[in-house]
Amino acid sequence: MATVVLIGAQWGDEGKGKVTDYLARNADLVVRYQGGNNAGHTVVADGREYKLHLIPSGILYSDKQCLIGNGVVLDPQVFLREINGLIEQGISVEKLKISPRTHVIMPYHLKMDAIDEERRGTNKIGTTGRGIGPAYTDKASRVGIRIAELVDPESLAEVLENVLAEKNQLFTEYHDSTAFDYKEMLETYIEYGQKLAPFVADVSILVNDAIKEGRNILFEGAQGTLLDLDHGTYPYVTSSHPVAAAACLGTGVGPSKIDKVIGIAKAYITRVGEGPFPTELNDENGEYLRREGFEFGTTTGRPRRCGWFDAVISRYAARINGLDYLAVTKLDVLSGLEKILICNEYQLDGKVITEFPTTIKELSRCKPVYQEMPGWKEDITKIRKLEDLPANARKYLEKISELSGVPVAIIGVGPGRDQTLMLKNLY
Ligand code: GDP
Ligand code: IMO
Ligand code: MG
């Protein structure tokens, strides 16, 4: 048995959904532990594409239990829409459970997200506009509403009355905006609460019991290491902790119970939203990666910024997350390029640095120092064995592993479930 944490090792969209779905075959439980519906995880199974935002990517297997931990922020409207969409496609959500400690995204969080972004003007973060930051702010400020209150009309009425009065004052007096109607919101959210009530269960108990029983557990991260509130490119980050340690905090499991941590990294790198990005390509290579990799946001549809693989970042992700293995996705997208560049260090103010800098001021002055690798022409989307990959593709993977200091366990050669090369047995 094993407990495996799967995290994004870059700026998100590394292919976590696909890898989670692939590994879920051998898992009993699949657990989301942070973030919310800012995430967009695409899973392609049996020729069908599923876009998941809140529901763990193990949901396509009817025998797996999917759980949403306390570290997630959940928009009830989005949750209900997503489960209804899955049910319509014949997918069972019966085993899905949500922690009562999970915080709820309310309409005023979405409004605040939009107001904050507008106020930031040219310094905007480029959020997904899903109310994520304001929901986590309220959690930290101890004025949040949790699923436990949402499903209890009396508690909801009490807490909403207080918090909405404060929010409405803020909107009308400081932001020249309109107030929300308490009664209307209460009625709507009591109804959501009644619909969500059957899904509520103590996630910490479920996960810890499963660990005691020796079952296989997969913790599915959202976003990526560089979007982490503490370890990312602050302030151009999300408001949760996409790093591996959050799997414990976001579900109620002790760190001694985690067996392996897998970092998902694209064979190149992308970013959505604002903030510095040293290896960003604003040329035909960037266009090539966007076109061949179909790099458009799953949640917002925004074109993703594309660049060369950055080993300064993957070493940083290895350190912060304690990575045991890398899963390198989208290797197929590089097929056809004459040469491929890998960044291994930065030039900062005339000096060479090998560690990821702390501030975005420093990061935005960093110039990537590249190593050049020869490309390959062959289509690799049908290859299933490492030894069948073109020699230059294998050399490229070896270089990624060497510079990152982490062995590669999984390789992605296409979006489909079967387009995966498994080099190590993780369970
Ligand atoms: P996530 O947020 O980390 O789950 O990643 P997204 O789902 O937002 O973005 C990854 C995209 O790449 C999705 O459209 C996947 O279907 C696709 N994808 C994942 N792995 C591979 C791969 O190995 N090759 C190709 N071509 N596409 C992949
Ligand atoms: P998945 O799980 C890529 C980015 C946003 C923005 C910043 C803050 O699909 O990898 P937020 O709405 O969270 O306050 O936005 O974080 N961001 C993501 N970028 N993939 C994601 O999720 C993201 N979730 C948030 O673009 O720059
Ligand atoms: Mg995504």
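The values are calculated or read from the model by the stated rules, or taken from the named source; none is laboratory data. The structure displayed is predicted, hence computed values, not measured ones. Here the Cβ is made from the backbone with ideal geometry for all residues, glycine too, and neighbour counts use every protein chain on show. These area figures cover heavy atoms from the full protein model, side chains too; ligands, DNA and RNA do not enter into them. Shrake-Rupley method; radii C 1.70, N 1.55, O 1.52, S 1.80 Å.
What number of residues in the stretch 289-317 are open to solvent by 20 Å² or more (accessible area, probe 1.4 Å) and not hydroxyl-bearing (Ser, Thr, Tyr)?
Residues flagged as open to solvent by 20 Å² or more (accessible area, probe 1.4 Å) and not hydroxyl-bearing (Ser, Thr, Tyr) within the stretch 289-317 amount to 10.
Okay, residues lined up against (1) within 16 Å of ligand 1 (Cβ to nearest atom); (2) in contact with a Gly (Cβ under 9 Å, 6 or more places away or on another chain):
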| site | (1), (2) |
| --- | --- |
| Tyr236 | no, yes |
| Val243 | yes, yes |
| Cys248 | no, yes |
| Pro255 | no, no |
| Ala267 | yes, yes |
| Val272 | yes, yes |
| Pro276 | no, no |
| Asp283 | no, no |
Note to self: Against the conditions (1) of a type in the set (Val, Ile, Thr); (2) open to solvent by 50 Å² or more (accessible area, probe 1.4 Å); (3) within 30 Å of Glu49 (Cα to Cα); (4) in contact (Cβ under 8 Å) with a residue 60 or more places away in the chain, where does Ile87 fall short? Just the number, please.
What the structure shows: (4)
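Residues are listed down the side, and each one gets a yes or a no for (1) buried (at least 24 other Cβ atoms within 10 Å of the Cβ); (2) within 16 Å of ligand 3 (Cβ to nearest atom); (3) among the aromatic types (Phe, Trp, Tyr):
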{"site": "Ala45", "(1), (2), (3)": "no, no, no"}
{"site": "Ser57", "(1), (2), (3)": "yes, yes, no"}
{"site": "Val78", "(1), (2), (3)": "no, yes, no"}
{"site": "Ile83", "(1), (2), (3)": "no, no, no"}
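With the requirement that a residue be more than 8 Å from ligand 2 (Cβ to nearest atom) and either open to solvent by less than 10 Å² (accessible area, probe 1.4 Å) or more than 19 Å from Asn216 (Cβ to Cβ) (or both), what does the stretch 1-20 give you?
The answer is Ala2, Thr3, Val4, Val5, Leu6, Ile7, Ala9, Gln10, Gly15, Val19, Thr20.
Residues are listed down the side, and each one gets a yes or a no for (1) farther than 24 Å from Ser239 by Cβ; (2) in contact with a Leu (Cβ under 8 Å, 6 or more places away or on another chain); (3) assigned to a strand (DSSP E or B):
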| residue | (1), (2), (3) |
| --- | --- |
| Leu110 | no, no, no |
| Arg120 | no, no, no |
| Thr127 | no, no, no |
| Glu158 | yes, no, no |
| Glu166 | no, no, no |
| Gln169 | no, no, no |
| Ala179 | yes, no, no |
| Leu186 | yes, yes, no |
| Gln194 | yes, no, no |
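Take the conditions within 16 Å of ligand 1 (Cβ to nearest atom), buried (at least 23 other Cβ atoms within 10 Å of the Cβ) and either more than 18 Å from the chain's Cα centre (by Cα) or within 26 Å of Met422 (Cβ to Cβ) (or both) and apply them to Tyr33. Does it pass?
For Tyr33, the condition - within 16 Å of ligand 1 (Cβ to nearest atom), buried (at least 23 other Cβ atoms within 10 Å of the Cβ) and either more than 18 Å from the chain's Cα centre (by Cα) or within 26 Å of Met422 (Cβ to Cβ) (or both) - is met.
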Note to self: Condition first: among the β-branched types (Val, Ile, Thr) and open to solvent by 20 Å² or more (accessible area, probe 1.4 Å). Can you find one or more residues in the stretch 218-230 that meet it?
What the structure shows: no
Check: Out of the stretch 1-17, which residues are within 6 Å of ligand 1 (Cβ to nearest atom) and in contact with a Ser or Thr (Cβ under 7 Å, 6 or more places away or on another chain)?
Finding: Gly8, Asp13, Glu14, Gly15, Gly17
Checklist line | Single residue of the stretch 268-288 satisfying the filter (open to solvent by less than 30 Å² (accessible area, probe 1.4 Å) and β-branched (Val, Ile, Thr)) that is nearest to ligand 3 (Cβ to nearest atom) | finding: Thr270
Next item on the list: Grab the strands (runs of 3 or more DSSP E) fully contained in the stretch 21-82, keeping just those with 3 or more residues being away from ligand 2 (no atom under 13 Å from the Cβ) and farther than 26 Å from Gly214 by Cβ.
Entry: 48-52
Next item on the list: Please work out which residue is farthest from ligand 1 (Cβ to nearest atom), limiting yourself to the stretch 52-80 and to residues that are of a type in the set (D, E, K, R) and in contact with an Asp or Glu (Cβ under 9 Å, 6 or more places away or on another chain).
Entry: Asp63
Notebook entry, point to check: What number of residues within the stretch 92-137 satisfy the criterion of being aliphatic (A, V, I, L, M) and open to solvent by less than 20 Å² (accessible area, probe 1.4 Å)?
Noted result: 8
